[in-house]
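Quick note: the coordinates plus some simple rules give every number you see, no bench work behind them. Source: prediction; values computed, not measured. When we count neighbours, we look across all protein chains shown, and the Cβ atoms used for this are built from the backbone with ideal geometry, even at glycine.
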């Protein structure tokens with residue numbers, strides 16, 4: 001887990017700088033991470049939200065509906081991402097959650 005967190009921190013810094021490694025390339029890497037590491041997919045949600053990248057709403061909504069066990073911090077980050085999203089498909093995903101999980 002430490003190696004994953006270090007890699008995500010490095011990608012985050014590169015994405016914030018949007019220089020040597022363009023942000024769109026970091027976003028592509030994040031999307032692979034979301035597909036491959038479902039239990040911790042939310043660990044990149046804050047960066048995506050800060051960059052106003054809302055294209056992963058369907059993936060995150062699907063994850064919340066799935067039986068994949070989410071790390072608690074990942075789940076909270078996904079919920080926050082969906083709550084902040086202006087996309088119409090974000091809110092229905094939250095309605096299926098218990099009140100205390102929103």
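For segment 85-102, the tally of residues that are within 12 Å of the chain's Cα centre (by Cα) and in a helix (DSSP H, G or I) stands at 0.
Flag set for residue 47, criterion: crowded, with 18+ Cβ neighbours inside 10 Å and either on the phi < 0 side of the Ramachandran plot or in contact with a strand residue (DSSP E or B) (Cβ under 7 Å, 6 or more places away or on another chain) (or both).
Where in segment 7-72 are the helices (runs of 4 or more DSSP H), entirely inside, with at least 3 residues that are touching a residue at least 60 places away in the same chain (Cβ under 8 Å) and closer than 20 Å to residue 86 by Cα?
none
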